[in-house]
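S.K.: To start, I am sharing the structure in question, which I have written as structure tokens.
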Amino acid sequence: MEIIFENVTINNILLYESFKIEPNKVIGLIGNQNKSVLAKVFAGIKRIDDGKIIIENDKIDLNGLSKDLNKKIGVLFNDLNLYKSSKTVKQQLLRGLEFYPKVNDSNKRMIDILKKVGLNENFLNKKISKLSLGEKKKVFLASIIIFNPEIIILDHFEQHLNYKDQVNLKKLLKELKKNYNKTIICITDNAEFLLDFVDSLLILDNMKIKIAHKDYLTNKESTKYIDMAPITNFCSLINNEIHPFMYYNNINELIKAVYRDVK
């Protein structure tokens, strides 16, 4: 879905001037301040003071989200305190299915979605509060995907997921974009997560948005918006031969050693 911003003001500050997000794209949103405000606006938690965000023939304005838009947008926050963890996984997924009444076999759809995020049917009756942080995030991701939103917004959601889970998350989101025409916005400071993943960038700088090609991530200027230290330090350690490859039996041992020194 195409998203058009028209002079959006939040907290009496012109935050997003007029610009457009093309449909069926993965967009990275980086910057040094107030990035997560956008996710809160799309989730209906925060209202704008002026302007509007147009999504097809509907809009987010001073009155917030319409009921129709609420069913088309899925927002995932990094802060799990915004979610209730007293439910079972099944109860959480059934809540998502309330926005997707077309399904004939709800149990099958829940299991299929859990598999997509790296879980299985054994999780259905587990309490969310008993799960690990990574498992909780996968459940809340599943509860969004299950109702098939047309726009997905991830607010630093890759944090606390291990590298394998981050790779699987990107693979899943690429599949959703390609096969189901999703528009996906990733708000993050993690350059490594974005590098091989996004189609283009939105950069929030001094309360204004500018658009950039994804190659901007390899530009030195980008380091003021994103955390490149782990990547830079890793490359430095390898290039300076502090950890020669020959000293290790396999790549995993090397990575552990470099990670230990970077920390």
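The values are calculated or read from the model by the stated rules, or taken from the named source; none is laboratory data. What you are looking at is a predicted structure, and each value in this text was computed from that prediction instead of being measured. All Cβ positions, glycine included, derive from the backbone under ideal geometry; neighbour counts span all protein chains shown.
S.K.: Would you kindly identify the strands (runs of 3 or more DSSP E) lying entirely within the stretch 164-215 that contain at least 2 residues that are under 15 Å from residue 35 (Cα atoms) and more than 16 Å from the chain's Cα centre (by Cα)?
M.R.: Because the criterion is at least 2 residues that are under 15 Å from residue 35 (Cα atoms) and more than 16 Å from the chain's Cα centre (by Cα), the strands (runs of 3 or more DSSP E) in the stretch 164-215 that meet it are 200-205, 208-213.
S.K.: Need the failing condition index for residue 187 against (1) crowded, with 23+ Cβ neighbours inside 10 Å; (2) within 25 Å of residue 87 (Cβ to Cβ), just the number.
M.R.: The one condition residue 187 does not meet is (2).
S.K.: Could you name every one of the strands (runs of 3 or more DSSP E) located completely within the stretch 13-98 that has at least 1 residues being over 25 Å from residue 211 (Cα atoms)?
M.R.: none
S.K.: For residue 7, indicate whether it is surrounded by fewer than 18 Cβ atoms within 10 Å (Cβ to Cβ), touching an Asp or Glu at 6+ places or on another chain (Cβ under 8 Å), more than 23 Å from residue 176 (Cα to Cα) and of a type outside the set (Ser, Thr, Tyr).
M.R.: yes
S.K.: Oh, and also: Got at least one residue in the stretch 77-89 being buried (at least 18 other Cβ atoms within 10 Å of the Cβ) and assigned by TED's automatic domain parsing to the domain that holds residue 142?
M.R.: Looking through the stretch 77-89, at least one residue is buried (at least 18 other Cβ atoms within 10 Å of the Cβ) and assigned by TED's automatic domain parsing to the domain that holds residue 142.
S.K.: Further question: Looking at the structure I just gave you, is residue 60 in contact with a helix residue (DSSP H, G or I) (Cβ under 8 Å, 6 or more places away or on another chain) and within 25 Å of residue 177 (Cα to Cα)?
M.R.: When the stated conditions are applied, residue 60 passes them.
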